[in-house]
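Chemist: Please find one structure pasted underneath; my questions will follow.
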Amino acid sequence: MKFRLNKTRIPGVSSPDISHGDVITSYIGLLCQGRSDFDHIELFRDDPFFAAALGIQDVPSSPTLRQRLYMIAHSVPYQEIILEETARFLKKLKAPVTPVTLGSGEQKRQYVPLDIDVTPFDNSNSKKEGVSRTYKGYDGYAPIFAYLRREGYCVNTELRAGKQHCQKGTPDFLRWALTVARAITSLPLLVRMDGGNDSQDNLQVCLDPEISKRKITPALHLRWGQKQA
């Protein structure tokens, strides 16, 4: 991942003192410790173990971390790189992918569930961009996640405004989730989505020749019951 990130070009940052890969990896190191605040990186700038454990040359300052991540987010297809490298990492580790079994006897068959759903965040009293009324009745974001079960590997995620309908932008999201899931397992996939995503557009994605060749069974159904407005 660091190699691919280092090869990317960001306008205005032709020869960075700290590589893009080291910046991204440093932030991943924070997230692994349950820290998301950029200022928390200052706790590890003089910690030799932090850099050694992550295999990086330099730990960025808080301003560098904040500014570079902002620039990367607006200039580089970083999410595609991270998702593809995540799939490659899990494949290299031979991470377990446990299927579910349906039917019995000669009708017995196995699928790997791919669960996709919106999970509203409560950001009440926040003035952040995108915070708006969610279907849960509070203000916040409504990000969508895709998990490869049963282990729950996250194969795609997208931050969304709280008021955004769950189907808006979902076909493209689904396509990426399926692409990453296919890179992890060759077993047939069972796509499980919320009733709000019961759309012909999603079915067309699942039946796309480039995707359906890997045996994907769409099962669009209301998993948790009708959502309340």
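Chemist: I need every pair where a residue in segment 131-149 that is of a type in the set (S, T, N, Q) has its Cβ under 9 Å from the Cβ of a residue that is part of a strand (DSSP E or B), sequence separation at least 6 or different chains.
Modeler: As it stands, the answer is SER132/ASP139; SER132/GLY140; SER132/TYR141; SER132/ALA161; THR134/VAL118; THR134/GLY140; THR134/TYR141, since those pairs meet every condition given.
Chemist: What is the residue count in segment 38-77 for residues that are under 19 Å from the mean Cα position of the chain (by Cα) and modelled with pLDDT of 95 or more?
Modeler: 0
Chemist: Condition first: surrounded by 11 or more Cβ atoms within 10 Å (Cβ to Cβ), of a type in the set (Lys, Arg) and under 28 Å from PHE145 (Cβ atoms). Can you find one or more residues in segment 40-49 that meet it?
Modeler: Among the residues of segment 40-49, not one is surrounded by 11 or more Cβ atoms within 10 Å (Cβ to Cβ), of a type in the set (Lys, Arg) and under 28 Å from PHE145 (Cβ atoms), which makes the answer no.
Chemist: Okay, moving on. Could you check SER36 against (1) assigned to a helix (DSSP H, G or I); (2) over 24 Å from VAL191 (Cα atoms) and say which number it fails?
Modeler: (1)
Chemist: Name the residues in segment 114-150 that are of a type in the set (Val, Ile, Thr) and part of a loop (DSSP other than H, G, I, E, B), would you?
Modeler: Result: THR119, VAL131, THR134.
Chemist: Answer yes or no: is there a residue in segment 140-154 that is aliphatic (A, V, I, L, M) and modelled with pLDDT under 95.
Modeler: Within segment 140-154, one or more residues are aliphatic (A, V, I, L, M) and modelled with pLDDT under 95.
Chemist: Checking the structure you have, find out if any residue of segment 129-140 is assigned by TED's automatic domain parsing to the domain that holds VAL155 and under 20 Å from CYS154 (Cα atoms).
Modeler: no
Chemist: It is to be established whether one or more residues within segment 80-94 are modelled with pLDDT under 95, part of a helix (DSSP H, G or I), within 30 Å of GLY195 (Cα to Cα) and β-branched (Val, Ile, Thr).
Modeler: Yes: one or more hits.
Chemist: Enumerate the pairs (first residue in segment 1-18 and of a type in the set (S, T, N, Q); second residue anywhere and part of a helix (DSSP H, G or I)) with beta-carbon separation below 7 Å, excluding pairs fewer than 6 apart on the same chain, so at least 6 apart or on different chains.
Modeler: ASN6/HIS20; ASN6/GLY21; THR8/HIS20
The values are calculated or read from the model by the stated rules, or taken from the named source; none is laboratory data. Note that this is a predicted model, so its numbers are computed, not measured. Positions of Cβ are backbone-derived with ideal geometry, glycine not excepted, and every protein chain shown enters the neighbour counts.
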